[in-house]
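Okay, so here's the structure we're looking at.
Just so it is clear, none of the values below were taken in a lab; they were calculated from the coordinates. Given the structure is predicted, the values throughout are model-derived calculations rather than measurements. Note that each Cβ is placed from the backbone with ideal geometry, even for glycine, and that neighbours are counted across all protein chains shown.
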């Protein structure tokens, strides 16, 4: 399932074990796996699976969802593309002889040009 986390509340069971109560799409879900606590933030869109346990809905899997960005691509794919372009620009300009702030500005400008080229937004043949 996919949904936006509307609220997160840290709770403690009678046995002292900590869990999170997540509100997603107007429903409450329990998240017991402490290793997954860092994967959730209020406002995040997530893909999740859950299992009914008595009257409770327990999340069994949860991860950030691929939410479309402004250009229709999933945010994660856009981030990967930008990081790849930035890494390429950094490698090419590593020995540029200028002040660090100027080097950063030039590197970001080059990365943006690489990104436009890769996505076909460069308007050049």
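Miscellaneous remarks
- Cβ crowding within 10 Å ranks 14, 113, 51 as 14, 51, 113, fewest other Cβ atoms first.
- Distance between the C-alpha centres of the range 76-125 and the range 19-42: 37 Å, rounded to the whole angstrom.
- The alpha carbons of the chain stretch over 63, 32, 18 Å along the principal axes, in descending order.
- With neighbours defined as other Cβ atoms within 10 Å of a residue's Cβ, the residues 122, 44, 101 order from fewest to most as 101, 122, 44.
- Crossing angle, helix 100-119 versus the chain [Cα axis fit, 0-90 degrees, rounded to tens]: 80
- Angle in degrees between helix 75-92 and the longest Cα principal axis of the chain, rounded to the nearest 10: 30
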